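The values are calculated or read from the model by the stated rules, or taken from the named source; none is laboratory data. Since the model is a prediction, treat every value here as computed from it, not as a measurement. Neighbour counts run over all protein chains shown; Cβ positions are idealised from the backbone, glycine included. Calculation scope for accessible area: heavy atoms of the full protein, side chains included, ligands and nucleic acids excluded. Shrake-Rupley method; radii C 1.70, N 1.55, O 1.52, S 1.80 Å.
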Amino acid sequence: MSHFQPLQPVWRRWAPMTVTLAASVALLWAAVQPRVDAQPTNPGASATAPAPRLSGLPDFTVLVEEVGPSVVNIRTVERVSRAPQLGTPDEQMQEFFRRFGIPLPPGVGPRGPRGDDDDGAGQRRQRGVGSGFVFSADGYIMTNAHVVDGAEEVIVTLSDKREFKARVVGADKRTDVALVKIDATGLKPVRIGDVGRLKVGEWVMAIGSPFGLDNTVTAGIVSAKQRETGDFVPFIQTDVAINPGNSGGPLINMRGEVVGINSQIYSRSGGFMGISFAIPIDEAVRVAEQLKAHGKVTRGRIGVAIEPVDKEVAESLGLPKAAGALVRGVEDGSPAAKAGIEPGDIILRFDGKAIEQSVDLPRIVGNTKPGTKAAVEVWRRGATRTVTVTVGTFDDEEAKPARSEPAKAAPLGLTVRELSAAERRQLKVGGGVRVVEASGPAAAAGVQPDDVIVGVGNQPVGSVADFERLTAALPKGRPVTLLLRRGEWAQWVLVRP
């Protein structure tokens, strides 16, 4: 006799009991539910229960179809000194290490010894990947500055698989915004949203190329706004999954508008941990317009050192609330000093804008056009007073203008560029040129990218023009000595062409 019986007879045998049990449960459930026709406790209240605020999850398909064609993949190539290769991590992991400032382990590179990316002269081509989006129909693409930083070549791939070699118009490291240009037609620019309307808890979506996977869509909500992370911009915090390669891609609201540029993540493991940050699009557009017009960003400054105002300080000084920026130092001869701002003052308003936190002041001043006469409201000795300051120019050593043509000394294997005023002050030199690329004889002699050449032979180098003149006059085939600055140290190097 078989021990297996058909399920149907068993079900029919238990069916009456099941119906009886179901009826009992239904009666019990009805007894514990509030009666819809009962009189409300509050006579003025409606008897109808309020409709739920959430009716379902959002559908992102329409947004993807609308915004997807405007998102691009960005690949970069840069030439770096080659060390002995001990491993082969993938390209996206290298971009991750570079983005978060983590040095690659010694000897680790993208290819094996003398691989496809090795030019045979102690140099190799390191590749990176990122995202971007069409800013305007005439070919301007917005992305992150760290995506194109140091790139020798930038390739933009559209959603229709067309590829274009891009020109870096300008990049601003302080806000991490860059603008590149391609010669293409049929581009669909994104619609720019209003960050002021963005609310915490609102659904948002990201499109990018994490780990090189083009047109990847992720979604989440806005976790916080005005999130300070020590940078120049107040970030939008989300829980949208962002990974290496998403950098520079758009953050999109449910109206199909771009409200931010995905830029950073918070991580203790090296991967996404549920917190990501985007640059507010209004800040990004302000920077992009300056990059488009001038190739660099000009910011205002007044020359003060500040710190937050906590509750204890506010109470001790008689302030109604803890707000503003406490001035702890004023630079001699600065716009603030000329206006009469003193250490100990608390700046409450600048050019009509309230300073709620100390970090608001650098942002507001930086966005003020140099030369502007701005009214500054300060709290001093228990009372407010207003002074007028003429905003100066912030010499931003991190702002990266459109790249000028570097000078080359082919027999030596050197490519150099001008030093910025900030670099000269930092190195305490009156002149010199920065090494962009060292190969051949120069690399063999130990010259490295970022070295500063301050002398050729016994002649000082004040500029790229000096470098070109002195290297052009070198006797053919004869060794030449270069005076280098590397950090705080100076050294002579003998280069044999």
So residue 423, is it open to solvent by 20 Å² or more (accessible area, probe 1.4 Å) and within 30 Å of the chain's Cα centre (by Cα): yes
Could you look through region 454-497, keep only residues that are aliphatic (A, V, I, L, M) and closer than 18 Å to residue 425 by Cα, and pick out the one that is surrounded by the fewest Cβ atoms within 10 Å (Cβ to Cβ)? 490
Report whether or not residue 211 is farther than 18 Å from residue 60 by Cβ and surrounded by 21 or more Cβ atoms within 10 Å (Cβ to Cβ). no
For residue 341, all conditions in the list (1) modelled with pLDDT of 90 or more; (2) assigned to a loop (DSSP other than H, G, I, E, B); (3) surrounded by fewer than 19 Cβ atoms within 10 Å (Cβ to Cβ) hold save one; what is the number of the exception? (3)
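Just to verify a result, which residue in region 463-497, among those that are assigned to a loop (DSSP other than H, G, I, E, B) and within 41 Å of the chain's Cα centre (by Cα), is modelled with the highest pLDDT? Can you show your working first?
Filtering region 463-497 for residues assigned to a loop (DSSP other than H, G, I, E, B) gives 463, 473-479, 487-488, 496-497.
Next cut, within 41 Å of the chain's Cα centre (by Cα) only: 463, 487-488.
Details: 463: 85, 487: 72, 488: 66.
Among them, the one singled out is 463.
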I'd like to check something: does region 394-409 contain any residue that is over 30 Å from residue 177 (Cβ atoms), modelled with pLDDT under 85, surrounded by 17 or more Cβ atoms within 10 Å (Cβ to Cβ) and not charged (D, E, K, R)? yes
Consider residue 238 carefully, then state whether it is among the polar types (S, T, N, Q) and surrounded by fewer than 23 Cβ atoms within 10 Å (Cβ to Cβ). no
Picking from 356, 312, 331, which residue would you name as being open to solvent by 70 Å² or more (accessible area, probe 1.4 Å) and either in contact with a Leu (Cβ under 6 Å, 6 or more places away or on another chain) or closer than 26 Å to residue 280 by Cβ (or both)? 356
Filter region 293-324 down to residues that are out of contact with any Gly (no Cβ under 8 Å at 6 or more places or on another chain) and without any contact (Cβ under 8 Å) to a residue 40 or more places away in the chain, then give me how many there are. 12
Which numbered condition residue 185 fails, given (1) without any contact (Cβ under 8 Å) to a residue 24 or more places away in the chain; (2) under 19 Å from the mean Cα position of the chain (by Cα); (3) within 17 Å of residue 69 (Cα to Cα): (2)
Return the pairs, sorted by first residue and then second, in which the second residue is of a type in the set (Lys, Arg) and open to solvent by 20 Å² or more (accessible area, probe 1.4 Å), the first residue lies in region 325-342 and is closer than 13 Å to residue 379 by Cα and in contact (Cβ under 8 Å) with a residue 12 or more places away in the chain, the beta carbons are less than 9 Å apart, and the residues are 6+ apart or on different chains. 342/380
Please go through region 152-183 and pick out each residue that is out of contact with any Phe, Trp or Tyr (no Cβ under 8 Å at 6 or more places or on another chain), assigned to a loop (DSSP other than H, G, I, E, B) and under 24 Å from residue 235 (Cβ atoms). 173, 176
Scan (1) within 29 Å of residue 163 (Cβ to Cβ); (2) open to solvent by 20 Å² or more (accessible area, probe 1.4 Å); (3) of a type outside the set (Ser, Thr, Tyr); (4) in contact with a helix residue (DSSP H, G or I) (Cβ under 7 Å, 6 or more places away or on another chain) for the single condition residue 282 breaks and write down its number. (1)
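Yes/no per residue for (1) in a helix (DSSP H, G or I); (2) modelled with pLDDT under 60; (3) open to solvent by 40 Å² or more (accessible area, probe 1.4 Å):
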position: 103; (1), (2), (3): no, yes, yes
position: 132; (1), (2), (3): no, no, no
position: 136; (1), (2), (3): no, no, no
position: 141; (1), (2), (3): no, no, no
position: 185; (1), (2), (3): no, no, yes
